[in-house]
Structure formats: C-alpha cells, structure tokens
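The values are calculated or read from the model by the stated rules, or taken from the named source; none is laboratory data. Because the structure is predicted, anything quoted here is derived from the model rather than measured. Please note: Cβ atoms are built from the backbone with ideal geometry, for glycine as well, and neighbour counts cover all protein chains shown.
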Amino acid sequence: MSKNVSIKYAIDWTTIFYFVVLVFMGWISIYGASYDFDQASIFDFNQRAGKQFIWIMTAFAIGGVLLLIDSKMYGFFAYVIYAGAILLLIVTIFVAPDIKGSRSWLVIGPISFQPAELAKMATALALSKFMSSYNYKLKNWKDLIPLGMIIFLPFACIILQNETGSALVFLAFLLMLYREGMNGIVLLIGTFAILLFIIVIRFSIIPIQIDHGNLGIVLSMMIIMAVQIAYAFFFGKDRKNATILLLGTIAIALISFVANLWMHLNYNFIAMFTVVAACVYWVIIELVFRYKRYWFVVLFSISAVIFSFSAYYLFEKVLEPHQQIRIKVLLNMEDDLNGAGYNVNQSKIAIGSGGFWGKGFLNGTQTKLKYVPEQDTDFIFCTVGEEHGFWGSTLVLFVYWLLLMRLLRIAERQRDAFSRVYAYCVASILFFHLAINIGMVLGIMPVIGIPLPFFSYGGSSLWGFTILLFILLRLDAARMERMR
C-alpha cells in the first residue's frame, strides 16, 4: 500500500464500529429519557433527541475531516493548539455567563460550548509532542516537572471557572504517565492522600472526648505510623528498628491514656507528636549509620501530617458548599435525600426498579415522570438501567470495555512515541470518564458532573470525544502508511 491509496484501507474500522454503536445507543437512551407523549418523534428538533441527532451528524462530519488531515499536522501544530486552548479557557473565565455557579460555557447565539472539552485533546497533543521529543526519557522527578506544568495550566484555568468535575478529568493523564515509565510511587502517594482525606473528613465529626481531639486526626496519624513501621520491616529489612518503633508507639499511647486520668490532653497533638518523634528517630538513624533509606519516609510522613491537619481546612474553605454536602452524603456523614443526595437516590431507585430485564423501551416510570434530574446528561445511565435492566446495562459496559481494549491495542502497536502517548491519553480519559460517571450514578463516587462518553446529551461532550478519538484513528492510519 502506498500513501496514495485510499485511507479507508488504513483506518481501524473496528474502533469506528464501537464508536457508532455507542453513539447510537446514547441517542436512543436520550430519546427514552426525554420522551414527550405530545411530541413523540425522535427527529423532532425541538426535543433533546432531535437536537442530539444534529450533534451526531456534525460529529460524524468532524470525524471525517480529521481523517483527511495529514497526520504530521497534529504533531506540528500540537503546541499551537495547546496555547489556543489555554487562551480560550482564560477568556472563558471572564466572558462566560454564570450557569449553575460555574463560568465554563461560551454562548454564541443559540450554541453553548464548553472549551474544557477541547482542552483535553489539546493537552493530550502537547504531552505527546513533548514526550516524543529527541532523547526524552521519563526517568526521575525532574522529568515530571514540565509534564506537570502542561497538565496543571488547563487544570487551574478550569478550576477558576468553578468547574471542578471537568478539572479532575486531567488527573487521568497520570495513568498515561505511569504506563510511560513514571514511578508507581506517585500513584501510591496520590491514593494515600485520598485515603487520608476521606478518613480525616469522615471521622472528624466524632470526638474522642470533649476538647480532647477527634477520631479523624488520630486515625490518620496511626496510619502514617503503620506505613513507617511496614516500610522499615518489609522494604528496609530492618526488623530491629521497626520493632523499636512499634513498641515506642504503644508506650506513648499507654502513657497518654494513663496521664489523661489526671490532666487534660489533646489526643490530636499526642498522635502528631508520635509521628514527629518517629521521624526524628529515623533522622538520627540516618546520621549515625548512613543507611540512606529512610529520608523518603521522613519526608513522606511530615508531608502526610501537614496534609492531614490541612485537609479539613481545604474541605471547609476551598470546596463549594454543594460539593461539601455531596461528599458528606457519599461518606454517610449526612442523609440528605431531599437535597444533595436526591439525584443519586433517585438514580439508584430507577436502576434498581429495572430489575434484570428492564421495564422496556419508553416504559421507565422514574425517567418518564422526571424524578431523576439530569437524566439525559450526567445521569443518562440510569435510563439504561431502568428501561433495559441488568442485561442492557451490562451490554453497554461491555461495548465500552471492547472500545477501551481496542484503544490499548492501538496504543501498543504504534511505532512512534507521539502516537503511542496520545493513544494512552485517549484511553485514560475515556476510562476516567466512564469510571467516575458510572460510579456517581451508582452512588459509590461523589457527584462531580462529568458526562458519559458518546452517551450523554450535548454537543460539546460529543464533539470533544469525537475529536479525541478520530485524531487517534488518523495517527494509527499513518502507521500503516509508514510500514510501506
């Protein structure tokens, strides 16, 4: 095959098939979620399904255009596209109208568009361009700094738009970085930070005694101590010092308990003192024996202590009230079925009522009576669960799984770093959207308002994911051209 042969022989048609199937399923689900008995036509352009049909046709056209562009153009203009996306995000902060508390939508006549959707593609291209530069290797922390800045700039701009959900999607790029050689300790630290945040917030409302501290801080300090001891015992092969640290921790706990019978003690500070004392112990060990193996534990522990004490401040001062209440409902700190927990509760009712086989197409009572807010956008999956039941939900997830596996296969077969990195970016973004959206509909993730790829109503989302996917298909087709 030469470069003059039609590109249709080089395109991965299997991926396009999955794309079309998901888009068609989404369109039918939007019709079911927004069905109006008085205006029943699926092609009624005054209804959501009719409008989505227009978005779908334009998305197909966009995909076709992207396939006709020379693949080298995407790499050549990667930084230009990224700079344009950042500029557009900055402009959005100042000119976008306030819609439900956020300034993230640009309104041009009858069309509303969310620049954050394009920023995902632009960031993926910029990361791919940088990581494919001559002699670049992701080996140490210094190599992560420029990549972190590329990710942070759009993240920060979207946060300033007060669109936290869309901003969190940029964390998906960490999955790509891990696949490209980033030390797994970064993901481990991130997971540990989330765990500490949950523990501090969830148990901060439980006092140990009046004015004696709260269970959240004490538990977080105990976990930090457990990490120190486990690190020394398993990784450092230093059972002696690990045992000394364990016995010292138990001794401080017993002494504090007895002393509290005669004087007022704050268990928060006792727990913090235990961690700091352990860090001092490791510093002395390092200075005396020069092991050079515990400096990381000391830095990690001190950072974890600071994070634990600041977590509640971040929760109270940084997050918006509606975000706080969503997290509290998720962590069972509050039961607000008529407020913040209403969406999730109604969604679970709708999915549960579908049973195994579902109530049938257009027969969902929860969705027809509009009990579930945002049921054709962020909560579109509950319509699938109610109308098509467990088997229908499983089928949708199976198609998503097939698409993700196909994207990983495409990534693995790329012969150049730019295409490979971009492919992993696309797979990571799709996986993150899928996991978070399904999780929040089922009530196991906080409601952060991100769409289900190719399914949720809206042109911005559909266009954004179509552009992401079809640029990848064009890069993959170029691989076939270079093989000749």
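Structure above, values below:
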| item | result |
| --- | --- |
| Residues of region 347-370 classified as closer than 16 Å to V447 by Cβ and either part of a loop (DSSP other than H, G, I, E, B) or of a type in the set (G, A, S) (or both), total | 2 |
| Qualifying positions in region 447-479 - among the aliphatic types (A, V, I, L, M), within 19 Å of Y424 (Cα to Cα) and at pLDDT below 90 | A478 |
| Identity of the residue in region 165-195, among the polar types (S, T, N, Q) and surrounded by fewer than 17 Cβ atoms within 10 Å (Cβ to Cβ), that ends up farthest from M131 (Cα to Cα) | T191 |
| Selection status of D36, charged (D, E, K, R) and more than 24 Å from I111 (Cβ to Cβ) | no |
| Pair list, Cβ under 8 Å, 6 or more apart: region 220-248 residue of a type in the set (V, I, T), other residue surrounded by fewer than 16 Cβ atoms within 10 Å (Cβ to Cβ) | I223/L195 |
| So I302, is it modelled with pLDDT of 70 or more, more than 30 Å from V372 (Cα to Cα) and touching a helix residue (DSSP H, G or I) at 6+ places or on another chain (Cβ under 9 Å) | yes |
| Test: M445 is outside any helix (DSSP H, G or I), in contact (Cβ under 8 Å) with a residue 24 or more places away in the chain and over 23 Å from A122 (Cβ atoms) | yes |
| Residue list for region 31-50, restricted to those being assigned to a loop (DSSP other than H, G, I, E, B) and within 28 Å of the chain's Cα centre (by Cα) | S34 |
| Single match in A61, A83, A96 (criterion: among the hydrophobic types (A, V, I, L, M, F, W, C), in the same structural domain as H388 (by TED's automatic domain parsing) and either buried (at least 21 other Cβ atoms within 10 Å of the Cβ) or modelled with pLDDT under 95 (or both)) | A96 |
| Boolean, A193 is outside the structural domain of L452 (by TED's automatic domain parsing), within 30 Å of E117 (Cβ to Cβ), touching a residue at least 12 places away in the same chain (Cβ under 8 Å) and within 16 Å of the chain's Cα centre (by Cα) | yes |
